[in-house]
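Comments concern the structure below.
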Amino acid sequence: MDLGTTRMTPQRRAVLDVLAASDDHPTAAEVLERVRRLMPGVGAATVYRTLALVVQSGECAQLRISEEGTTRYDRTVRRHDHLVCTECGRVDDVQIALDTRVLHEAAKPSSFSITSYDVHIQGRCAMCAAEDRHNPGGN
Ligand SMILES: [Zn+2]
Ligand SMILES: [Zn+2]
């Protein structure tokens, strides 16, 4: 198979459509489930291969949340940061206006050249925080 091809197969169209409609950083399994709503019976291997291709072509970004270890897929390919809820696993996009000079200063002692960065802020999303207020002290 020619990995360099940008031929628009129906599977590729479906994967791109699913990603464009997903603002929740779905996992590969979630993308598969959603693609199957559009194309019942599509093979898992086909969807996973297509996902790898759209990442390779820069149409989608991969996101790894260190503590869960699974790869998620991100429709937003421009540089951005993430708010990660440690309770329900929700991941939201956020743009942090970080002064990149601070990053270069921090990397300097290691002679490290920065090519990209993204900040993951961990905490609780509004929904989880609200739930806590309704059940003080938890269960
Ligand atoms: Zn949450
Ligand atoms: Zn994102």
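Give me a count of the residues in segment 63-94 that are at positive phi and near ligand 1 (Cβ under 10 Å from one of its atoms). Of the residues in that region, 1 qualify.
Residues in segment 27-47 include none that are surrounded by fewer than 13 Cβ atoms within 10 Å (Cβ to Cβ) and within 16 Å of ligand 1 (Cβ to nearest atom). In segment 116-128 there is no residue that is open to solvent by 90 Å² or more (accessible area, probe 1.4 Å), more than 16 Å from ligand 1 (Cβ to nearest atom), in contact with a helix residue (DSSP H, G or I) (Cβ under 8 Å, 6 or more places away or on another chain) and part of a loop (DSSP other than H, G, I, E, B). Among the residues of segment 4-14, not a single one is away from ligand 1 (no atom under 16 Å from the Cβ) and touching a strand residue (DSSP E or B) at 6+ places or on another chain (Cβ under 7 Å). For E87, the conditions (1) touching a helix residue (DSSP H, G or I) at 6+ places or on another chain (Cβ under 6 Å); (2) open to solvent by 10 Å² or more (accessible area, probe 1.4 Å); (3) closer than 28 Å to R13 by Cα all hold with the exception of (3). Going through (1) within 12 Å of ligand 2 (Cβ to nearest atom); (2) open to solvent by 40 Å² or more (accessible area, probe 1.4 Å) one by one, L63 falls short only on (2). Of all the residues in segment 48-60, those that are surrounded by 19 or more Cβ atoms within 10 Å (Cβ to Cβ) and within 18 Å of S116 (Cα to Cα) number 1.
Report whether or not H120 is in contact with a His (Cβ under 7 Å, 6 or more places away or on another chain) and of a type outside the set (V, I, T).
Values: in contact with a His (Cβ under 7 Å, 6 or more places away or on another chain): yes; of a type outside the set (V, I, T): yes.
Yes; evaluated as a whole, the condition is true for this residue.
The values are calculated or read from the model by the stated rules, or taken from the named source; none is laboratory data. Given the structure is predicted, the values throughout are model-derived calculations rather than measurements. All Cβ positions, glycine included, derive from the backbone under ideal geometry; neighbour counts span all protein chains shown. These accessible areas exclude ligands, DNA and RNA; they are computed on the full protein's heavy atoms, side chains included. Shrake-Rupley method; radii C 1.70, N 1.55, O 1.52, S 1.80 Å.
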